[in-house]
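This report concerns only the one structure given below.
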Amino acid sequence: MCQQVKDRMVRVYGDTNPPTAREFLGWVRTYDKRKDWRSLVPRNKRQTGNGRLHPKVDQIISQVIQEVYLSPQMESKQYIHQRIEYLIFMENCWRKPEDHLPIPHRSTIRRRMEQINGC
């Protein structure tokens, strides 16, 4: 069974350094204890945020903050979040599914607003 998992990891992930039988058994034991499927996925294969936004997403955030938030009317943060999500949605309409832009978390947008506003 270990060899089948190793072969599948090589095919699916293109992993040139598949897990050893010891590592694999450790994942299974952790899964038995916690009943958490994430323990069966190696740490370096998990999807984690890398802290960098796609350049187009960064451009959209900056554009909305400049045009909407820093305007004399100074719209609410909720409206700014919705506007950014809408513009990213419209951008994704013409992109291929594998090339879709991610919608940033609200705290990311809030931090960017604070940076630009100088708070």
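Taking a cut-off of 20 Å, what percent of all Cα-Cα pairs in region 55-117 are separated by more than that?
Roughly 23 percent, once rounded to a whole number.
Counting Lys and Arg as +1 and Asp and Glu as -1, what is the net charge of the other residues whose Cβ lies under 12 Å from the Cβ of N117?
It works out to a net charge of +3.
Can you give me the distance in nm between label points at Q78 and C93, each placed 7 Å from the Cα along the Cα-to-Cβ direction?
Here the answer is 2.5 nm between the modelled labels.
In whole Hz, with x marking every Gly and Pro, tabulate ³J(HN,Hα) for region 81-86 from phi via Karplus 6.51 cos²θ - 1.76 cosθ + 1.60, θ = phi - 60°.
Karplus-based 3J(HN,Hα) across region 81-86 equals 4, 5, 5, 5, 4, 5 Hz.
Whole-Hz Karplus ³J(HN,Hα) for region 66-73, in order, using 6.51 cos²θ - 1.76 cosθ + 1.60 and θ = phi - 60°, x for Gly and Pro?
5, 7, 10, 6, 8, 6, x, 6
Read the figures in this text as sums done on the coordinates, not as results from a lab. This structure is a prediction, so every number in the text was calculated from the model and none was measured. So basically every Cβ, Gly included, is an ideal-geometry build from the backbone, and we count neighbours across all protein chains shown.
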